Amino acid sequence: MLNTEELNEEDIINYLKKHPSFFEHHPNLLKRLHLQHDSGTAISLIERQNHIFRKENRELIDRLNKFIAVAQRNDRLFLNLQSLVLNLIQCTDLNQMAAALQQGLTEKFDVDDVQLVLSHQVSRDGDLWLHCDKHTLTKQFPAAIKDKKSSCGVFDEETRNLLFGQVEMGSIALGAISCKSGQVGILALGSKSETHFRSGTDTLFLSHLANVISQLLDRFSS
């Protein structure tokens, strides 16, 4: 005869796991088992199971809806990026490229301002891009210039002023430009919101765009 004093909760749990149909063979037990509901009232085991299943289903549906929302957002980003890249390919000089970037990114990508900063030649009055020597770029943006990594976040005042002058930007995304010719640069996207470009923001699309720009710049200089 089994000594019930030696049984513990773990033994009961393991037994029920091995015999999931136990209550089907002992239905009267279900009538005698009651659990506490979230409201504080007592409910049967079956009601409790149904409550748990409904809660799990709601959580699964919420997760699925979030996945769908992310997928739809990525689809929109991809289509907008594709359109922008096609426009960039048709550009024949730097000013056309800078104008296409400004228009495409501010209209379709929820960006407040765009700045293209390059090291290869001095910009003139009226040019839509900025010149900055390679040494300054390397010192100011080591991750982008040395490691060729795009990044996002809230940068210091010196960086904000270098990229956008006196225009207040809460957060910035930086795309690393690196050409075969040795030319380097930064594609800077500015947002007035401090939370728009967070440090953990995915930079996949930005990095792809910066790579396209790098290849087009090599074409311009050839």
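By the rule of a C-alpha distance below 15 Å, with chain neighbours fewer than 8 residues away ignored, the aspartates and glutamates paired with residue 146 are 133. About its Cα centre, the chain has a charge dipole of approximately 520 debye under the convention of +1 per Lys or Arg Cβ and -1 per Asp or Glu Cβ, with nothing else charged. Note on the stretch 94-221: with charges restricted to the Cβ of Lys and Arg (+1) and Asp and Glu (-1), its dipole about the Cα centre is near 540 debye. The share of alpha-carbon pairs in the stretch 94-221 lying farther apart than 18 Å comes to 48%. Taking each of 55/192; 139/180; 149/192 in turn, the alpha-carbon distance tops 29 angstrom for 55/192.
What's log10 of I(q)/I(0) for the chain at q = 0.10, 0.14 Å⁻¹, Debye sum over Cα points only, no solvent? With one equal scatterer per Cα and no solvent, log10 I(q)/I(0) is -0.58, -0.87.
In this simple spin-label approximation, residue 106 and residue 74 carry label points 7 Å from Cα along the Cα→Cβ vector, and these lie 3.1 nm apart. Listed peptides 99-105, 171-177, 9-15 appear in the order 171-177, 99-105, 9-15 once ranked by packing, highest mean of other Cβ atoms within 10 Å at the front.
With both labels modelled 7 Å from their Cα along Cα-to-Cβ, the residue 85 to residue 218 distance reads 1.5 nm. Remark: 62, 127 ranked as 62, 127, counting other beta-carbon atoms within 10 Å and listing the fewest first. Axis angle, to the nearest 10 degrees, between helix 204-221 and the longest C-alpha principal axis of the chain: 20 degrees. Annotation for residue 19 and residue 59: the two label points, set 7 Å from Cα along the Cα-Cβ direction, are 2.9 nm apart. Comparing 144, 69, 98 in a Gaussian network model of the chain where C-alpha atoms under 10 Å apart are linked, the largest mean-square fluctuation is found at 69.
How high is the relative contact order of the chain, in percent, counting Cα pairs under 8 Å that sit 6 or more residues apart? Across the chain, relative contact order equals 15 percent.
Read-outs throughout are calculated quantities, based only on the coordinates presented, and are distinct from any laboratory measurement. Just so you know, these numbers come straight off a predicted model, no measurement behind them. Every residue, glycine as well, gets a Cβ built from its backbone with ideal geometry; the counts of neighbours run over all protein chains shown.
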